[in-house]
Amino acid sequence: MEFLIITGLSGAGKSRAADVLEDLEYYCVDNMPVALMPRFAELCVATGGRYEKVALVTDVREKDGFGQLLTTLDQLGEMDVSCRILYMDADTRTLVRRYKESRRPHPMAAPGVSVEQAVAKEAELLAPVRARADYIVNTSSLTLGMLQNKLFDLFAGEGHKRKIAVTVMSFGYKHGIPMDADLVFDARFLPNPFYVDELRPMCGLDRPVAEFVFSYQQTRTFLEKLEDMLDFLLPLYLEEGKLTLTIAIGCTGGRHRSVALAAALNDYFHAHEIDSVNVNRDIDK
């Protein structure tokens, strides 16, 4: 079993790191009391492998108990628990700015103590832990996407390929644009099967409707340009740390044109080994 202790300076991104590690299938606990770590490790071992990767966030919020962290880590080692330390760091200027923006008090704050002084005091207290850390990540100049990439490189392991999960959603404009859409494309410029009597009762998943929609060159050209743009965008979204993307394609009612296009785009993603699901929000309305 692997225990990863996430600690470091307040405001340096410990909670953000825990969020990323959860995506990497770590079981994460924030603000874990140091005194409870050995007992928690025993409980994890007793599950027989259910919790193989555990990340515990601990810091000076625990006040007096935090000073026992290094002793507790030695105790975990005697229990044959592999334990590593991820130390989140940042420069003083960055930490002061983050606390000013968040308007939250620093854990080391006290009457007459500035944020800068509180940061310096905390850094001094954490110096022995920092010296023992297996990984030190300085987040001063990191965006969230850059932090995700850094932690992914450190903890994902070989063979774990980072992917973006795509939802391709069709919808009808008369029912409203999906609230969770990241990209929205309008298919109302295409010829409408609704005005063909034999096609009106059908939907875009039916072959006659799909053949009608794609019988027009503008449909095929639109899909080709859409695929080309998404081939460009998806790696960039992933690089910036976006792990999910909802692409919404709309027509008037959400039954014919948008459904046919969404299905075709979803098939394209599957053919290129991109994780995607097709959702037709308004197909039955």
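For this structure, a couple of remarks:
- For the chain: rounded, prolate or oblate by the Cα gyration tensor [a/c cutoff 1.5]: prolate
- Ratio of the Cα radius of gyration of the stretch 2-155 to 2.2 N^0.38 Å, where N counts its residues: 1.04
- Using the Cβ-Cβ distance between ASP134 and THR244 with R0 set to 45 Å, the FRET efficiency from 1/(1 + (r/R0)^6) comes to roughly 0.90.
- FRET efficiency, 1/(1 + (r/R0)^6) with R0 35 Å, evaluated for SER114 and LYS163 via beta carbons: 0.20
- The charge dipole of the chain, taken about the Cα centre with unit charges on the Cβ atoms of Lys, Arg (+1) and Asp, Glu (-1), comes to about 880 debye, rounded to the nearest 20.
- Counting only DSSP H runs of at least 4 residues, each contributing -39500 (n - 2.57), and dividing by the residue count of the chain, the helix-based mean residue ellipticity at 222 nm comes to -13000 deg cm²/dmol.
- Measuring against 26 Å, Cα to Cα, the residue pairs LYS150/LYS242; LYS53/LYS163; LYS53/LYS121; LYS150/LYS225; LYS14/LYS242; LYS14/LYS53 contain LYS53/LYS121; LYS150/LYS225 as the ones spanning a longer distance.
- Relative contact order [Cα under 8 Å, 6+ residues apart], the stretch 165-280, whole percent: 53 percent
- Looking at the stretch 108-182, the trypsin sites (Lys or Arg not before Pro) that sit in a DSSP loop and have at most 13 other Cβ atoms within 10 Å of their own Cβ are LYS161, LYS163.
- Angle in degrees between helix 217-239 and the longest Cα principal axis of the chain, rounded to the nearest 10: 0 degrees
- Take every pair of alpha-carbon atoms less than 8 Å apart whose residues are at least six positions apart; their mean separation over the length of the chain yields a relative contact order of 20 percent.
- DSSP-assigned coil residues among trypsin sites (Lys or Arg not before Pro) in the stretch 1-42, each with at most 13 further Cβ atoms within 10 Å: none
- Shown here for the stretch 155-232: GluC sites (Glu not before Pro) in loop regions (DSSP other than H, G, I, E, B) with at most 10 other Cβ atoms within 10 Å, namely GLU158, GLU198.
- Spatially proximal aspartates and glutamates relative to LYS100 (Cα-Cα < 19 Å; intrachain offsets below 8 disregarded): ASP89, ASP91, GLU116, GLU122
- Point-to-point label distance, ALA127-PHE189, nm (Cα→Cβ direction, 7 Å offset): 6.5 nm
- The distance from the alpha carbon centre of the stretch 247-281 to that of the stretch 80-153 is 43 Å, rounded to a whole number.
- The stretch 117-254 - convex hull of the alpha-carbon atoms, volume per residue in Å³: 169 Å³
Throughout, read-outs are computed from the coordinates displayed, never taken from laboratory work. Small disclaimer: the values here were computed from a predicted structure and weren't measured. Cβ: placed from backbone, ideal geometry, glycine included. Neighbour counts: every protein chain shown.
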